[in-house]
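Notes for the one structure printed next.
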Amino acid sequence: MSRVSAFLLTTCHLQKDGLDDLLRLIGSVDSALLQQELDSLQHIILLQGCGSGRRSQIEARVPPWVRLLSTARSLSSPAARNAMLDHLLADKGFNPDAFVGFPDDDCWYPPGALACVARHFETKPGLQLLVSRYGPSPSAAECVTARRASLQQALSRGACAALFVRAALVARLGGFHELLGLGTTLCGGEDTEFVHRAFHSAKGEVAYVPGMLVGHAAAEPAKKAKYYEGGLAALMAHSRSSSAARVALTRKIVVGGWLVVRHRMSPSQYFRALRKARASAPILRAGLSATGVRQKV
């Protein structure tokens, strides 16, 4: 069996999201493979709200390098990603030297993007974490150079859609914290928390590429307020780990104030987020081990 050089993990809720965006993502990856941007790739996709019959219908429409999983239930975003990670780590084809990406179902990759990511991981054996940005006009033009990232640079660019991690590091981290993210009481923040752990476990082997490397609709201003409390709680949970972590937390608190000034968050939302994050941080901190992140209560 040939060693897979890249793994992508995506979840899609059929009843909410439909298939059109997901098929666009698959098409962009297929184009990359046709252009030989990667030696080999496996894309694990978890279909939520999907029975086995519907999954079989969809399997007939996707390439052989797509591995479809399905569940009739609705899962939180971290639980869905962890289910796919468990499947990946149990597979005999798991390659610890490969990289893992976490594209949303409504993402896409511009020409050359996956090739550039693969080149950075292949030519830099020590590289553990590579981050970028996403947006509606992605391009691989600025991906040639990867620069050493500080913690703040990693956090600022660390949305799951634009996050690429060495597979061996993914295995050590144990997954995403299941008390954070969509579908939990703390909406958002699972990518912030994951990047924080990944950054410290990577021991300095972290880089970022300039520009927008991944296609995705522009972030809606209202969602910044919606996801604020989860990200704040994640930063509070890690605030004791380093001075850089405390600076990141201070910056997040200031950003919340800026959202209030710009009328993108109400004062009551802001202070509620502060109280909720402060109350949740000790619980999150207690579950920061590779096994603890799977605790749901």
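What to note about this one:
- Across the range 148-168, the qualifying residues are those that are at pLDDT 95 or above and among the basic types (Lys, Arg), and the one among them that is surrounded by the fewest Cβ atoms within 10 Å (Cβ to Cβ) is Arg148.
- Criterion (within 20 Å of Leu163 (Cβ to Cβ), in a helix (DSSP H, G or I) and either among the basic types (Lys, Arg) or without any contact (Cβ under 8 Å) to a residue 60 or more places away in the chain (or both)) met by exactly one of Ala233, Ala281: Ala233
- Every condition in (1) surrounded by 24 or more Cβ atoms within 10 Å (Cβ to Cβ); (2) more than 13 Å from the chain's Cα centre (by Cα); (3) over 20 Å from Arg240 (Cβ atoms) is met by Gly181 except one, and the failing one is (2).
- Answer residue from the range 1-60, given it is among the basic types (Lys, Arg) and without any contact (Cβ under 8 Å) to a residue 40 or more places away in the chain and is surrounded by the most Cβ atoms within 10 Å (Cβ to Cβ) among those: Arg55
- Residues that are at pLDDT 95 or above number at least 2 in the following helices (runs of 4 or more DSSP H) confined to the range 33-134: 77-90, 113-123.
- Among residues of the range 139-187, those that are in a loop (DSSP other than H, G, I, E, B), of a type in the set (Gly, Ala, Ser) and touching a residue at least 60 places away in the same chain (Cβ under 8 Å), counted: 9
- The sole residue among Gln57, Gln48 that is among the polar types (S, T, N, Q) and under 22 Å from Leu182 (Cβ atoms) is Gln48.
- Check on Leu284, in contact with a helix residue (DSSP H, G or I) (Cβ under 7 Å, 6 or more places away or on another chain), closer than 16 Å to Leu186 by Cα and modelled with pLDDT under 95: yes
- Counting the residues of the range 254-263 that are surrounded by fewer than 16 Cβ atoms within 10 Å (Cβ to Cβ) and not aromatic (Phe, Trp, Tyr) gives 6.
The values are calculated or read from the model by the stated rules, or taken from the named source; none is laboratory data. Given the structure is predicted, the values throughout are model-derived calculations rather than measurements. Neighbour counts are summed over all protein chains in view; Cβ atoms, including those assigned to glycine, are modelled from backbone coordinates with ideal geometry.
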